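Notes follow the structure.
None of the figures in this text is laboratory data; all of them are computed from the coordinates on show. Keep in mind that this is a model prediction, so the values were computed, not measured. Here the Cβ positions follow ideal geometry from the backbone for every residue, glycine too, while neighbour counts run over all protein chains shown.
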Amino acid sequence: MDVMRIDGIRAFGRHGADPGERDAAQAFDVTVVIESDLSPAAESDDLKDAIDYSVVRQTTARIIESTSFRLIERLAAEIARAILEDSRIAYAEITIAKSGVLQGATPSVTLRRPNPKFHAWPAPG
């Protein structure tokens, strides 16, 4: 299985369990790791055969900016669910870091989810 990794996705949202955390948007830094068979895109050199990392970034940012959850675990699960709508993706791993909330320490969570809809690309021929 091949891996696509998108580091440094930053979006601003209103997520948090402590009083006041959802009053103003704050930064969330996300890394998305996708496992899939990337050979069709590697062979064709055609975006239609690729998992478009721009779409993955946009989906991630949209969820952070348009929802509000108490826990970043829930936020990561929603991002994973949306990414796994693409049946070409076998696994999605979402890491969300929330800086500036623990006097210099940065908490983060990582969720790894399999895709029940996954199907491998058909074999050539």
Of the residues ILE34, VAL55, ILE79, the Cα lying farthest along the dipole of segment 2-114 towards its positive end, which is defined by charges on the beta carbon of Lys, Arg, Asp and Glu, belongs to ILE79
Highest GNM mean-square fluctuation among ALA82, ALA50, ALA42, for the chain with Cα springs under 10 Å, belongs to ALA42
Which of PRO40, PRO19, PRO114 fluctuates most in a GNM of the chain (C-alpha springs under 10 Å)? That residue is PRO19
With Cα coordinates, the longest principal axis of the chain makes an angle with the long axis of helix 53-66, in degrees rounded to 10, of 30 degrees
From DSSP H assignment alone, runs of 4+ in the chain each adding -39500 (n - 2.57), the sum over residues rounded to the nearest 500 puts [θ] at 222 nm at -7500 deg cm²/dmol
With DSSP loop assignment and no more than 13 other C-beta atoms within 10 Å, the GluC sites (Glu not before Pro) in segment 54-117 are GLU85
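Which net charge results for the neighbourhood of GLN58, defined as the other residues with beta-carbon distances under 15 angstrom from its beta-carbon, given Lys and Arg at +1 and Asp and Glu at -1?
Details: positive: ARG10, ARG57, ARG62; negative: ASP52, GLU65, GLU78, GLU85, ASP86.
The answer is -2.
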Taking Lys and Arg as +1 and Asp and Glu as -1, residues besides ASN115 with C-beta under 14 Å from its C-beta add up to 0
Rounded to the nearest 10 degrees, the helix 72-83 long axis (Cα) sits at an angle to the longest Cα principal axis of the chain of 20 degrees
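Just to be sure I understand: if I project the alpha-carbon convex hull of the chain onto a plane and average over all orientations, what area do I get in nm²? Please report the intermediate quantities before stating the final value.
Working: hull surface 32.0 nm².
Answer in nm², one decimal: 8.0.
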